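Everything on this sheet refers to the single structure shown next.
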Amino acid sequence: MANIRRKKPIFTMAVAGSLIAATAAQTAFAQTQNARQEALRVAPHPGMMPHAGRMFPGTSLTGVPGFPLPTIHTQQAYAPDGDFTARWTRADALQIKAHSNPSVSAGQNSLPSQLIMPGIPADFPTINPDVWVWDTWTLIDKHADQFSYNGWEVIFCLTADKNAGYGFDDRHTHARIGFFYRRAGIRADQRPANGGWIYGGHLIPEGAQEQVFKGTAYTITAEWSGSMRLLDPRDNKVSLFYTDMAFNRDASGQDITPAQAVITQSLGQIHADFNHVWFTGFTTHTPLLRPDGVLYQNGAQNPYYNFRDPFTFEDPNHPGVNYMVFEGNTAGQRGVANCTAEDLGYRPNDPHAETVQQVLDSGAYYQKAAIGLAVAEDSSLSKWKFLTPLISANCVNDQTERPQMYIKNGKYYIFTISHRTTYAAGVDGPDGVYGFVGNGIRSDFQPMNYGSGLVLGNPTDLNQAAGTDYDANPLQNPRAFQSYSHYVMPGGLVESFIDTVENRRGGTLSPTVKLGIRADASAVDLRYGNGGLGGYGDIPANRADINVSAFIQDLISQNVSIGPNTTGQVNAFVNTNK
Ligand SMILES: OC[C@H]1O[C@@](CO)(OC[C@@]2(O[C@H]3O[C@H](CO)[C@@H](O)[C@H](O)[C@H]3O)O[C@H](CO)[C@@H](O)[C@@H]2O)[C@@H](O)[C@@H]1O
C-alpha cells in the first residue's frame with residue numbers, strides 16, 4: 001500500500017499532457033454529438049398525455065382518459081425479513097398501454113421515446129464468430145460496483161458453441177458460462193466496432209459438470225444466469241452465483257420431468273498478467289436454493305415454473321448482511337384461479353376497473369411472476385434462507401427475470417427484464433427492462449414511469465398483437481425483439497444482447513445505452529453515443545482493483561509508453577488509491 005501511494009504523483013504527471021489533449025478532443029466531440037442528437041430528439045406523441053414534453057415521465061397522478069388510474073404505492077420500507085410483498089398490479093401495467101400512441105402506422109413504435117431503446121442497425125458487428133452470446137454480467141463487489149482486474153475489464157456471458165452445430169434457438173439447453181476480457185480505460189470510440197472483447201473460453205472447467213453433493217451424484221446440463229462477486233478487491237477470490245439447470249430428457253429430446261433449477265455457488269480465482277486473463281477453481285459446486293413450494297413455486301406445482309438468475313448484494317442500511325434477489329413465481333398449484341383485488345390494484349370506484357371475476361375468466365391467473373429474496377446465513381455466502389418475495393405480478397406477467405437491486409441516492413431500485421409474450425391476458429408491454437423504486441430493500445415499490453413499470457422497451461407497436469417472433473407477426477415492428485436481458489450498470493449504462501433485428505439473429509452484445517434515473521422516473525439519454533446508442537458491448541468498469549499497480553509495473557517493465565489509451569486505467573488507479 002505504501003509503495004502504491006509513493007508512485008501516484010509520477011503517473012499523474014506522466015499522463016497529464018495526454019489527458020488534456022484527450023479532454024479537449026472529447027469536449028469537441030461531445031458538443032458536435034449534442035447538437036446532432038438534439039436535432040434528432042423525437043417529439044412526444046399525443047398518446048403521452050398528460051405528460052407530453054416532459055424529459056422524465058414521473059408518476060401518473062391524473063391518469064389517461066379511457067384507462068384506469070394506477071395503484072397508489074407508498075414506497076414505505078419494511079423489515080427485510082418481514083412478510084410484505086409489493087405488487088405490480090394490472091392497474092399499473094395498464095399504464096403502458098395508456099401512454100402508448102393509439103394512432104401510429106402499423107409496425108411503428110407506439111411507446112414514448114423516453115422509454116424506448118433506439119433502433120439497432122441491422123448491420124451490427126459480432127463479438128465473436130465461434131459462440132452465441134446472450135445474458136451478460138460483470139465482475140462486481142457487494143455494492144454492484146464494476147471492477148477491472150489488473151487493468152482488464154472482464155465480463156461473463158451465457159454462450160453456446162456455434163461449431164458444435166448449435167443454432168441460436170438451441171442455446172438454452174447447451175448454455176455454458178464463458179468469459180471475455182479487454183483492456184480497461186479505453187474510450188468506446190477508440191475500440192474495435194465489436195467492443196474488442198477477447199474470448200477466454202468456458203469458466204467452469206470440463207469435467208466439473210459431474211458433481212457429488214452430500215453423497216448424491218448429479219450432472220449440470222446447462223448453466224444459466226448469473227452474477228459474479230469479487231469477494232474482496234484486495235485479492236483475487238471470486239464467487240460465481242448461477243442457475244444449475246438439469247434437463248431430464250428421453251432419447252428423442254422430450255422432457256421427462258420438469259427441469260430442475262438450482263441456484264448454485266462456485267468459488268474460483270481470477271488471474272491476469274500483461275497478456276491475458278484466466279481463472280482457476282469452479283470445480284466444486286454448492287447447491288444453495290431450490291424452490292420450496294411455500295414461498296416460491298416449484299416443479300411439482302408447475303412444470304413451467306421459473307426459478308433462477310441470482311444477484312447478491314449488501315444492503316448499506318444493514319452492513320454485513322448479504323441478500324440475494326432472483327427470479328421466481330408465486331407459490332401454489334398452476335391453474336388455481338386465485339388472483340385478488342389487491343393484485344388487480346384498482347382504486348375504489350374506478351370506472352375502468354375490471355372485476356376479479358372478469359380477470360379470472362380471462363385465464364390471467366396462469367401468469368404469476370415473483371421477485372424473490374433470500375438472506376445469507378454465513379459470511380462465505382454458502383448458506384441462504386428464503387424470505388418472502390419482494391414483488392409479485394400475479395395476473396400481470398409470468399416472468400420477472402434477472403432482477404437486480406440498484407441503490408442510488410438513498411433510493412432502492414429493482415430492475416428486471418420481461419417479455420411481451422409472458423404478459424397475462426388483457427395487459428401488454430414490450431420486451432425490455434421494468435423498474436420499481438422504494439426506500440429499502442423491502443418496500444411498497446412504486447412502478448417507475450407513469451406508474452407503469454416500463455423503463456426501457458424494445459420498439460414495438462402495442463396496437464398490434466404480440467407474436468412469438470418477428471417472423472410470426474411482421475406488422476409488429478422489425479425491432480420488437482431486437483434486444484433482451486438488459487443489465488443496468490453504474491451511471492445508468494445498460495448492456496444487453498441482440499436477439500433479432502429485421503430477421504437477422506444476433507447472439508452478440510447490443511450497443512450500450514444510458515438512462516437518466518431520477519426519483520420514480522427514468523429517460524433514455526438520446527445524446528449518449530450515436531442517437532442514444534453507445535459502443536457495441538461497451539461494458540466499462542467503474543472501479544479498479546488494488547492489483548492495478550501490478551499492471552502499471554508491467555507497463556513500465558515492458559517499456560510501454562502511457563498514452564491516451566491508458567489514461568482511464570491510470571485515473572481509475574489514482575482514484576481508487578486516493
Ligand atoms: O438462457 C436462459 C437465461 O436467459 C434468461 C434471460 O435472458 O431467460 C430468457 C428466456 O427466454 C428466451 O427464450 C425464449 C424461448 O426460447 C424466447 O421466447 C425468449 O425470447 C428468449 O429471451 O429463456 C428461458 C428458456 O427458454 C425462458 O423461460 C426465458 O424467458 C434467463 O432468465 C435465463 O437464466
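Quick notes on this structure:
- Residues (away from the ligand (no atom under 16 Å from the Cβ), in contact with a strand residue (DSSP E or B) (Cβ under 7 Å, 6 or more places away or on another chain), under 19 Å from HIS99 (Cβ atoms) and of a type in the set (A, V, I, L, M)) located in the stretch 380-439: VAL437
- The residues listed here are ILE198, ILE186; of these, the one that is more than 18 Å from ASP309 (Cβ to Cβ) and at pLDDT below 95 is ILE186.
- Checking each residue in the stretch 498-517 for being aliphatic (A, V, I, L, M) and closer than 17 Å to LYS162 by Cβ picks out ILE498, LEU509.
- In the stretch 324-337, the residue that is farthest from the ligand (Cβ to nearest atom) out of those that are of a type outside the set (Lys, Arg) and free of Cβ contacts under 8 Å to residues at least 40 places away in the same chain is ALA337.
- Here the strands (runs of 3 or more DSSP E) wholly within the stretch 262-373 that include at least 2 residues being of a type in the set (Asp, Glu) and either modelled with pLDDT of 95 or more or touching a Cys at 6+ places or on another chain (Cβ under 6 Å) (or both) are 308-314.
- The set of residues in the stretch 391-427 being farther than 22 Å from TYR323 by Cβ, in contact with a Lys or Arg (Cβ under 9 Å, 6 or more places away or on another chain) and not charged (D, E, K, R) consists of ASN394, CYS395, VAL396, ASN397, ALA424, GLY426, VAL427.
- Residue match in the stretch 235-243 (condition: of a type in the set (Val, Ile, Thr), more than 16 Å from the ligand (Cβ to nearest atom) and surrounded by 16 or more Cβ atoms within 10 Å (Cβ to Cβ)): yes
- Number of the condition not met by LEU203 [criteria: (1) more than 16 Å from the ligand (Cβ to nearest atom); (2) buried (at least 18 other Cβ atoms within 10 Å of the Cβ); (3) among the aliphatic types (A, V, I, L, M)]: (1)
Residue-by-condition table, conditions (1) part of a loop (DSSP other than H, G, I, E, B); (2) within 30 Å of PHE436 (Cβ to Cβ); (3) at pLDDT 95 or above:
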residue	(1), (2), (3)
GLU495	no, yes, yes
ALA541	yes, yes, yes
ILE546	yes, no, no
THR566	no, no, no
VAL570	no, no, no
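- When each of PHE247, PHE156, PHE213 is tested for being within 16 Å of the ligand (Cβ to nearest atom) and at pLDDT below 90, the lone residue that passes is PHE247.
- Filter result (among the hydrophobic types (A, V, I, L, M, F, W, C), in contact (Cβ under 8 Å) with a residue 24 or more places away in the chain and farther than 19 Å from VAL64 by Cβ) within the stretch 338-353: CYS339
- Scanning the stretch 250-276 for residues that are small (Gly, Ala, Ser), under 30 Å from GLY299 (Cβ atoms) and away from the ligand (no atom under 16 Å from the Cβ) turns up ALA251, SER252, GLY268.
- Residue match in the stretch 185-199 (condition: away from the ligand (no atom under 16 Å from the Cβ), more than 25 Å from PRO121 (Cα to Cα), touching a helix residue (DSSP H, G or I) at 6+ places or on another chain (Cβ under 8 Å) and touching a residue at least 24 places away in the same chain (Cβ under 8 Å)): yes
- Selection status of ARG442, in contact (Cβ under 8 Å) with a residue 60 or more places away in the chain, of a type in the set (Lys, Arg), within 16 Å of the ligand (Cβ to nearest atom) and surrounded by 22 or more Cβ atoms within 10 Å (Cβ to Cβ): no
- Taking the stretch 447-477 as the range and being more than 13 Å from the ligand (Cβ to nearest atom), in contact with a strand residue (DSSP E or B) (Cβ under 7 Å, 6 or more places away or on another chain) and outside any strand (DSSP E or B) as the test, the residues that pass are MET448, ASN449, GLY453, PRO459.
- Restricting the stretch 222-262 to residues that are of a type in the set (S, T, N, Q) and in contact with a Ser or Thr (Cβ under 7 Å, 6 or more places away or on another chain), the residue that is farthest from GLU153 (Cα to Cα): ASN248
- Residues that are away from the ligand (no atom under 13 Å from the Cβ) and under 19 Å from PHE311 (Cβ atoms) were ranked within the stretch 216-231; the one that is farthest from the chain's Cα centre (by Cα) is LEU231.
- Pairing residues of the stretch 401-423 that are free of Cβ contacts under 8 Å to residues at least 12 places away in the same chain with residues that are of a type in the set (A, V, I, L, M) and within 15 Å of the ligand (Cβ to nearest atom), at Cβ distances under 7 Å and at least 6 apart in sequence or on separate chains, gives no pairs at all.
- Any hit, the stretch 168-183, residues being at positive phi, surrounded by fewer than 24 Cβ atoms within 10 Å (Cβ to Cβ) and over 19 Å from the mean Cα position of the chain (by Cα): no
The values are calculated or read from the model by the stated rules, or taken from the named source; none is laboratory data. Computed from a predicted structure; not experimentally measured. Please note: Cβ atoms are built from the backbone with ideal geometry, for glycine as well, and neighbour counts cover all protein chains shown.
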